[in-house]
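Structure first, commentary second.
The values are calculated or read from the model by the stated rules, or taken from the named source; none is laboratory data. All values reported here derive from a predicted model rather than from experimental measurement. Using ideal geometry, Cβ is built from the backbone for each residue, glycine included, and neighbour counts are taken over all protein chains shown. Side chains included, ligands, DNA and RNA excluded: accessible areas come from the protein's heavy atoms. Shrake-Rupley method; radii C 1.70, N 1.55, O 1.52, S 1.80 Å.
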Amino acid sequence: MMGTLYLVATPIGNMGDISPRAVEVLKSADLVAAEDTRVTGALLKKLGIEKKLVSYYEHNAAMRSSLLLRHLEEGENIALVSDAGTPAISDPGEDIVEECIRRNITVIPVPGPCAFVCALTVSGFSTKRFSFIGFLPAKANDRKKELENVKHREETLIFYEAPHRLLKTLSDMCEVFGKDRRVSVSREITKKFEEHIRGRLAEVLNHFETNPVKGEFVIVAEGGVKEESSLNQLSLEEHLKFYLKQGIAQKDAIKQIAIDRNLSKREVYAHFHKD
Ligand code: SAM
C-alpha cells in the first residue's frame, strides 16, 4: 500500500498554535520533509520529537520530489512542513501535491496557522470574496504592472511583503490604487510585537515612514471599483445597485451614473421614476 503525504501547518510565531493533531502526525510520520531542516529541527526538538528530516526547498524541490515520491510509493508516510505556516502557500509544496495526485497518492492537509487568513479575518474588509496575490514582483515596473492588473478588482486583495520592500510597495499602491484606498497592514501576527495598522493608504504609509519597519507583514487592501467601461455594460438598475452597495446616496449615484454613461442627469432620473 502507498503512503500518505501530510501537509502539516506549523506556527507563524506563537508555539501555542501547533495543533495536537499536527504533533501526532509529525510523531507518526516515517519522514519529515522540511523547507529548512534547521528551522524544523528546532521545532521538533521543542516538541520532543526525534525524526528523520530531509530538506525540501524551492531550489531542490524538483530533484527531491522524485526521492519523496519513491518513499511514498514504498508505503512510507511523509509530513511536509515549511518554515512557518501552511505548506504550499507562498512556500514549497504545490508541485509534489500535483505529482501525488497524478500518481494516486493520498494527500491530507493538517490545518493550522496561515498568515494571510489571520490578516484577512482581522482586516474588517469583506471576507466573502478575496484574492490572495502573495508576493509582488521585486522590480518596480513589474510590481506596478501587477498592481494595475488588480486595481479594479472588487474583492479584497491580500499581499505578502518583505520588510525591506514594505514602504516601496505601499507607496506604489498609493500611486496605483489611490491614496484613499483603505488597507489593513498586519505585522508580526501571533508574536510579541503584533499590530494591525488600519487606515487610508496615505495614512498607513505615513505611519510606517515614521515608525520602524520591522518584522513580517501582510497587506490587505479593500476591493476596488469596477472599471467604468465594465460598469456601463450593466443595466441601469445594476449600475445603481453597484453604487448604493457602496453606501453612496441615491441622488449622488444617479449623478455618477449620468457621468459614467455620458447621459444627462434628467434622463437617468426619469428612468428610475417612470411612473
Ligand atoms: N506559508 C506561510 C503562511 O502560511 O502564511 C507563508 C510563507 S511566506 C514565505 C512568508 C510571508 O508570510 C512573510 O513575508 C509575510 O508576508 C507572511 N508572514 C508569515 N508569518 C507572518 C507573521 N507572523 N506576521 C505577519 N506576516 C507573516
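Think of a 1.4 Å ball rolled over the protein heavy atoms: the range 116-221 then has 52 Å² of accessible area per residue.
Between 0 and 90 degrees, the angle of helix 61-73 with respect to the longest Cα principal axis of the chain falls at about 60 degrees.
Are any of the pairs 251/274; 139/214; 145/255; 151/251 more than 23 Å apart by Cα-Cα distance, and if so, which?
145/255; 151/251
For the range 1-58, applying the loop criterion from DSSP together with a ceiling of 16 other beta carbons within 10 Å to the trypsin sites (Lys or Arg not before Pro) yields 52.
Ratio of Rg to Rh for the range 119-177: 0.95 [Cα atoms; Kirkwood radius as inverse mean 1/r over pairs]. Proximity of backbone amide H atoms, modeled 1.01 Å from N, is registered between residue 4 and 77, 78 at under 5 Å, excluding neighbours fewer than 5 places apart on the same chain. Taking every DSSP bridge with both residues inside the range 1-154, close to 5 percent are antiparallel. DSSP beta bridges confined to the chain are antiparallel in about 45 percent of cases.
In order along the range 48-54, phi translates into HN-Hα couplings of x, 10, 10, 8, 6, 10, 10 Hz, rounded to whole numbers, per the Karplus curve 6.51 cos²θ - 1.76 cosθ + 1.60 with θ = phi - 60° and x for Gly and Pro.
Shape summary: the range 4-113 maps onto an equivalent ellipsoid whose semi-axes, from the alpha-carbon gyration tensor, are 20, 14, 13 Å in decreasing order.
What is the sum of charges, Lys and Arg at +1 and Asp and Glu at -1, for the other residues whose Cβ falls under 11 Å from the Cβ of residue 167?
-1
What do you get for the angle between helix 250-261 and the principal long axis of the chain? Use alpha-carbon atoms, 0 to 90 degrees, nearest ten. Between helix and principal axis, roughly 90 degrees. Rounded to whole numbers, the Karplus 3J(HN,Hα) couplings from phi for the range 131-136 are 10, 8, 8, x, 6, 7 Hz, using 6.51 cos²θ - 1.76 cosθ + 1.60 with θ = phi - 60°, and x at Gly and Pro. Ratio of Rg to Rh for the range 73-184: 1.05 [Cα atoms; Kirkwood radius as inverse mean 1/r over pairs]. Restricting the calculation to Cα atoms, the range 143-275 shows an Rg/Rh of 1.11 when the hydrodynamic-style radius is the Kirkwood one. Taking the longest Cα principal axis of the chain as reference, the axis of helix 166-177 is set at about 30 degrees.
Radius of gyration (Cα atoms) of the chain, expressed as a multiple of 2.2 N^0.38 Å: 1.27. Across the chain, the relative contact order, built from alpha-carbon pairs under 8 Å that are at least six residues apart, equals 17 percent.
Work out how much length residue 103 to residue 21 would gain on full extension: take 0.36 nm times their residue separation and subtract the Cα-Cα distance, in nm to one decimal.
26.9 nm
Listed peptides 150-158, 194-202 appear in the order 150-158, 194-202 once ranked by packing, highest mean of other Cβ atoms within 10 Å at the front.
The packing ranking of peptides 208-221, 81-94, 240-253, highest mean first, is 81-94, 208-221, 240-253, where packing means the average number of other beta carbon atoms within 10 angstrom of each residue. Each stretch of four or more DSSP H residues adds -39500 (n - 2.57); spread over every residue of the chain, this sum gives -12000 deg cm²/dmol at 222 nm. May I ask you to derive the relative contact order of the range 228-272, considering only C-alpha pairs under 8 Å and at least 6 residues apart, and to give it as an integer percent? That works out to 31 percent.
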